[in-house]
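Just so you know, all these numbers are worked out from the coordinates, no wet-lab data involved. Please read these numbers as outputs of a predicted model, since none were measured by experiment. Note that each Cβ is placed from the backbone with ideal geometry, even for glycine, and that neighbours are counted across all protein chains shown.
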Amino acid sequence: MNSLKGAVLTGAGISAESGIPTFRGDGGLWRNFRAEELATPTAFKKNPALVWEWYMWRRSLIAKAKPNEGHLGLVELEEKLGDNFLLITQNVDGLHQRAGSKRLVELHGNIWRVRCLSCGAVYQDERVQSEDLPPSCRECGGLVRPDVVWFGEALPEEALKTAILWASSCDIFVSVGTSALVYPAAQLPYIAKEKGAKVVEINPEETPLSKIADIIIREPASKGVRKLLQML
Ligand code: APR
């Protein structure tokens, strides 16, 4: 087993090749709304049915999607590094788990879970459409929301703590398919760099992270992760 300690941060770009649009790239618009206009507590308060329609649309795309070579390559990396590996994802689509990743933390929640704003119940809800939006809580009938992190909201404490710990102690930090714009996730590679880790970026486009990356793989995730595996 390899003794290299690795942390990988993924964003929407890794799922783009599975047909799930990124948030800021082409195809990120839904009925002319940008993600930043829908994924907020204010938008939900104003129009929960509209926000839910968007999430149902994203769910239906995710349900049809399959994990791609990028996701599968990261499973191989996990097998290679064993306990010395952590996958940190900003994605809420669950494709890493479907690919077989085990050692992962979800920083932004999961689209297949809901949380009740009245009684706090959290449970799986895998519907991809509903006549009756917004859905109501199966426990108390209250308003439920997707159990994901919206703009301006705090990240799940344990997941963030674990991610920071790994960023601070890994030898190699790999950022895959993220615009590196959304904090606090975007801070992680900087923490790693400061603590002496090598930072690798896999992204077909330049991002703010490109300036400090030690190795840049300008490829889509499927090819890029494969190249990384060959390097290690
Ligand atoms: N392979 C790798 N990267 C890709 C690919 C691909 N095939 N296609 C696009 N990308 C890159 C884009 O160049 C871009 O840098 O993926 C990135 C996607 O950026 P965003 O849409 O901003 O997604 P992400 O970085 O995950 O956003 C962070 O913001 O909207 C919130 O909570 C949401 O988790 C999300 C967070």
Which residues, taken from the stretch 160-198, are touching a Lys or Arg at 6+ places or on another chain (Cβ under 6 Å), crowded, with 19+ Cβ neighbours inside 10 Å and over 17 Å from G11 (Cβ atoms)?
C170, I172
Name the residues in the stretch 25-37 that are more than 6 Å from the ligand (Cβ to nearest atom) and among the aliphatic types (A, V, I, L, M), would you?
L29
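Results for (1) outside any loop (DSSP other than H, G, I, E, B); (2) within 15 Å of the ligand (Cβ to nearest atom), shown as yes or no for each residue.
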{"residue": "L165", "(1), (2)": "yes, no"}
{"residue": "V174", "(1), (2)": "yes, yes"}
{"residue": "A192", "(1), (2)": "yes, no"}
{"residue": "E201", "(1), (2)": "yes, yes"}
{"residue": "E206", "(1), (2)": "no, yes"}
{"residue": "V225", "(1), (2)": "yes, yes"}
Can you list residue pairs whose Cβ atoms sit under 9 Å apart, with the first residue in the stretch 1-24 being away from the ligand (no atom under 16 Å from the Cβ) and the second being of a type in the set (K, R)? Count only pairs 6 or more apart in sequence or on different chains.
M1/K80; N2/K80; L4/K80; G6/K80
Pairing a residue in the stretch 32-56 that is part of a helix (DSSP H, G or I) with any residue that is away from the ligand (no atom under 16 Å from the Cβ) and among the charged types (D, E, K, R), where Cβ atoms lie under 9 Å and the two sit 6 or more apart in sequence or on different chains, gives L50/R31; E53/R31; W54/R31; M56/R127
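For (1) outside any loop (DSSP other than H, G, I, E, B); (2) surrounded by fewer than 20 Cβ atoms within 10 Å (Cβ to Cβ), each residue gets a yes or a no:
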position: S15; (1), (2): yes, no
position: R24; (1), (2): no, yes
position: P67; (1), (2): no, no
position: E76; (1), (2): yes, yes
position: L81; (1), (2): yes, no
position: R115; (1), (2): yes, yes
Does T40 qualify as being within 13 Å of the ligand (Cβ to nearest atom) and in contact with a helix residue (DSSP H, G or I) (Cβ under 7 Å, 6 or more places away or on another chain)?
no
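Residues are listed down the side, and each one gets a yes or a no for (1) over 20 Å from G73 (Cβ atoms); (2) under 14 Å from the mean Cα position of the chain (by Cα); (3) not hydroxyl-bearing (S, T, Y):
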{"site": "W150", "(1), (2), (3)": "yes, yes, yes"}
{"site": "S175", "(1), (2), (3)": "no, yes, no"}
{"site": "T178", "(1), (2), (3)": "no, yes, no"}
{"site": "Y183", "(1), (2), (3)": "yes, yes, no"}
{"site": "A186", "(1), (2), (3)": "yes, yes, yes"}
